[in-house]
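> Structure in structure tokens, see below.
Every number in this text was worked out from the coordinates using simple rules, so none of it is lab data. This structure is a prediction, so every number in the text was calculated from the model and none was measured. Heads up, the Cβs are rebuilt from the backbone with ideal geometry, glycines too, and the neighbour counts pull from every protein chain shown.
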Amino acid sequence: MAKLPIIVAPDPRLKLACKPVARVDAAVRRLMDDMLETMYAAPGIGLAAPQVGIARRVIVVDVARTGQEPRPLRMANPEIVWASDQEASYEEGCLSLPEHYADVVRPEEVRVRYLDHENEIREIAAKGTLATCIQHEMDHLEGVLFVDHISALKRGMILRKLTKSKKAKAAEASETVAAGSAR
Ligand code: GNR
Ligand code: NI
């Protein structure tokens, strides 16, 4: 397995609609396992392939609490086949929007059909954190981030802060390079 770098917004790779996988073969399985390793290391409760620069419809999720047995879910081509009319609001975070959180309203329960790591069609019913997380990951496959569900004012504040910290990091890196070549 390998830990992959996670892309931070704003970045055009987080805005793409991802393509389905033809089938879950060894390469897709490998991607799922690398994504799980990356997610656990972050740490996070979900990860979508576009967050590691792969524009494919693959997500991984594990909402088990720390100390509980891990319960990894590997999903390719996930589809929501039913969503409750009842909605619920959860405070969401995203590894691609580090250190920013906001309340997002979504259907409280969903049924999801997907291909598992053995290319078998499966269906699960999800509610609570699991339902929130799966919907959050599926949004990534359409190039949608949780900030796209909140007010333009809050979204703008978060994205401006991320742009600023990216610029500060880039300046720091170029100063390090300059100091190196002055030596
Ligand atoms: O780790 C994560 N936590 C989280 C919390 C509330 C709602 C959604 C999430 S998913 C997030 C990891 C991530 O960015 N997945 O795309
Ligand atoms: Ni996310």
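> Under 23 Å Cα to Cα from residue 15, which lysines show up? Leave out anything in the same chain fewer than 8 places away.
Filter leaves 3, 154, 161, 164, 166, 167, 169.
> Calculate how steeply helix 152-182 sits against the longest principal axis of the alpha-carbon atoms of the chain, using the helix alpha-carbon long axis, and give the answer as 0 to 90 degrees to the nearest 10.
Compared with the principal axis, the helix lies near 50 degrees.
> Can you tell me the order of 81-89, 25-33 when each peptide is scored by its average per-residue count of other Cβ atoms within 10 angstrom, highest first? All intermediate terms of the calculation are to be shown ahead of the outcome.
Values: 81-89: 11.7, 25-33: 15.4.
Ranked from most to least packed, the peptides come out as 25-33, 81-89.
> Turning to a different aspect of this structure: Can you order the peptides 38-49, 146-157 by their average number of other Cβ atoms within 10 Å per residue, highest first?
By packing density, highest mean first, the sequence is 38-49, 146-157.
> Tilt of helix 26-41 relative to the longest C-alpha principal axis of the chain, in degrees (0 to 90, nearest 10)?
Between helix and principal axis, roughly 60 degrees.
> Just how far, in whole angstrom, is the range 10-41 from the range 123-177 if you go by their alpha carbon centroids?
17
> For the range 89-183, calculate the relative contact order in percent as a whole number, restricting contacts to Cα pairs under 8 Å that are 6 or more residues apart.
After rounding, I find 21 percent.
> Hey, what number do you get for the chain at 222 nm if only DSSP H runs of n ≥ 4 count, each worth -39500 (n - 2.57), divided across all residues, to the nearest 500? Please report the intermediate quantities before stating the final value.
Values: 3 runs with 60 residues, N = 183.
That calculation yields -11500 deg cm²/dmol at 222 nm.
> Now, a different point. Any chance you could run the full-extension gain for residue 80 through residue 127? It's 0.36 nm times the residue separation minus the Cα-Cα distance, nm to one decimal.
On the way: separation 47, 0.36 × 47 = 16.92 nm, distance 1.27 nm.
Length gained between residue 80 and residue 127: 15.6 nm.
> Now a separate question. In whole percent, what relative contact order does the chain give with Cα contacts below 8 Å and a gap of six or more residues? Numbers along the way, then the final one.
Working: 315 pairs, mean separation 41.6, N = 183.
It rounds to 23 percent for the chain.
> What percent does the relative contact order of the range 14-99 come to when contacts are Cα pairs within less than 8 Å and at least six residues apart?
Working: 91 pairs, mean separation 22.6, N = 86.
That works out to 26 percent.
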